[in-house]
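The block underneath contains the structure these notes are about, expressed in structure tokens.
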């Protein structure tokens, strides 16, 4: 089977995601992005109507990767529900550790940086966070059904809290260049909040 070479568009998205994640959306120039992708600068405008359109696709690409993680953890029926949730948090921490905690979560970074300037990005990020929240809630419903958390717990409220806490922990981990905030969240979540 012959493997096809990635198109210039794929290279721009894949390498551009890395540049944006490392330097921020505003600080990642089109020149930086095409240089990292190894393509001519004109390729960018051939494939993306604007930097905002590119940014929306980068969010979509990062979401695809996040969906794979959520499928392997939060939505994995072969694991006990709370093990799924722990696995999701651990996978998040492991991903951030690949860059020494420097890059944080791309969704959180875009939220902090771009939502004041782009309504389209703000709406896309709200959709992303809603999907993550739903998947956490699905996991928590399974935990309630298994008797692992109290039946009186509201999975939707708890999922919203966990997502909010995890995004905050991601930001602090990025600022501190340390996994300690995520580890603290994990410890409190499983030892206190979900008991």
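Only the coordinates and a few stated rules stand behind these numbers; no lab work does. In this text, all values refer to a predicted model and were calculated from it rather than measured experimentally. Ideal geometry is used to build each Cβ from the backbone, glycine not excepted, and the neighbour counts take in all protein chains shown.
Odds and ends about this structure:
- Between residue 77 and residue 160, the simple spin-label model (points 7 angstrom out along Cα→Cβ) gives 2.9 nm.
- One way to sum up the overall shape of segment 108-195 is the equivalent ellipsoid from its Cα gyration tensor, whose semi-axes run 26, 19, 7 Å, largest first.
- Based on the Stokes-Einstein relation at 10 °C and a viscosity of 1.306 mPa s, and on the Kirkwood radius from alpha carbon pairs, segment 46-181 is assigned a translational diffusion coefficient of 101 µm²/s.
- Helix-only CD estimate at 222 nm, as mean residue ellipticity for the chain, using -39500 (n - 2.57) per DSSP H run (n ≥ 4): -23000 deg cm²/dmol
- Cα-based shape type of segment 153-195, given that a ≥ b ≥ c are square roots of the gyration tensor eigenvalues and the cut on a/c is 1.5: oblate
- Length gained on full extension, residue 53 to residue 117: 21.7 nm, using 0.36 nm per residue less the C-alpha separation.
- Against the chain, whose longest principal axis is taken from its Cα atoms, helix 8-23 shows a tilt of about 60°.
- Rg(Cα)/(2.2 N^0.38 Å) for segment 35-80, N = residue count: 1.71
- Degrees, to the nearest 10: 51-72 long Cα axis against longest axis of the chain: 40 degrees
- Between helix 155-176 and the chain: long-axis angle, C-alpha atoms, 0 to 90°, nearest 10: 50 degrees
- Whether segment 1-77 is rounded, prolate or oblate, judged on the alpha carbon gyration tensor where a/c under 1.5 counts as rounded: oblate
- Whole-Å distance, taken between Cα centres, linking segment 144-160 and segment 23-66: 39 Å
- Computed from the alpha carbon atoms alone, the convex hull of segment 71-126 holds 92 Å³ per residue.
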